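Encoded as structure tokens, the structure appears first; notes follow it.
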């Protein structure tokens with residue numbers, strides 16, 4: 001995700017309670033709670049949200065018939081010499097044998113900045129885990145796309 005703002009501004013945006021709440025709303029969350037805790041050199045951001053399952057394939061709705069509740073935790077480390085940062089990403093999907101783990105990096109990108117996500121979604125379901133992962137991938141990417149649109153709008157001053 002490219003943003004037309006500097007790295008320091010991007011990190012401040014990410015660490016804004018209102019921005020985190022807007023991400024949940026724009027992604028279509030039915031309900032949510034967000035916390036942003038600044039640390040000496042970084043931040044810990046937690047977002048618990050309930051997402052609708054309307055339009056989900058029946059295989060996924062068997063696991064989450066009333067909606068998907070997830071808690072996303074990103075633990076941001078200190079800025080590197082070039083201003084980039086890395087955050088450890090963990091998403092738990094409540095009541096399911098699924099999780100997503102990886103990293104989020106913010107880096108300089110021309111005159112602006114970019115957010116890079118490298119994560120793996122894993123469904124520990126005997127016999128159908130791989131199928132669940134393949135079906136869930138576009139849904140997870142749609143949420144990431146919604147967050148990208150929110151970030152770009154926020155950086156342009158649209159709140």
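Values quoted throughout were computed directly from the atomic coordinates according to the rules given, and no laboratory measurement underlies them. As the structure is a computational prediction, the values presented were derived from the model and not from experiment. Positions of Cβ are backbone-derived with ideal geometry, glycine not excepted, and every protein chain shown enters the neighbour counts.
Among 140, 106, which comes first, then next, by fewest other beta-carbon atoms within 10 Å?
140, 106
Which one, [x] 46, 28, 28; [y] 47, 38, 28; [z] 40, 36, 29, gives Cα extents along the principal axes in Å as derived from the coordinates shown?
Checking each listed value against the structure points to [x].
Using helices alone, I'd like the mean residue ellipticity at 222 nm for the chain: each DSSP H run of four-plus residues gives -39500 (n - 2.57), total over residue count, nearest 500.
Result for the chain: -10000 deg cm²/dmol, rounded to the nearest 500.
Relative contact order of the range 2-155: what whole-number percent is it, with Cα pairs under 8 angstrom and at least 6 residues apart? Walk me through the intermediate numbers first.
On the way: 286 pairs, mean separation 36.4, N = 154.
In percent, rounded to a whole number, it is 24.
Against the longest alpha carbon principal axis of the chain, how many degrees, from 0 to 90 and to the nearest 10, is the axis of helix 17-26 turned?
That helix lies at roughly 40 degrees to the long axis.
Bin by bin, in steps of 10 Å, what percent of the Cα pairs in the range 42-89 do you find, going until the bin that has the longest distance?
It works out to 24, 30, 22, 18, 6, in whole percents.
Return the single residue from 81, 137, 18 with maximal mean-square fluctuation; model: Gaussian network over the chain, springs between Cα atoms under 10 Å.
It is 81.
Go ahead and run the numbers for FRET between residue 6 and residue 141, Cβ-Cβ distance against an R0 of 41 Å, rounding to 0.05. Present the calculation step by step, with values, prior to reporting the outcome.
Details: r = 27 Å, r/R0 = 0.66.
It comes out at approximately 0.95.
Fewest Cβ neighbours within 10 Å first, please rank 113, 31, 75, 58 accordingly. Can you show the working numbers first?
Values: 113 25, 31 11, 75 17, 58 7.
Starting with the residue having the fewest Cβ neighbours, the order is 58, 31, 75, 113.
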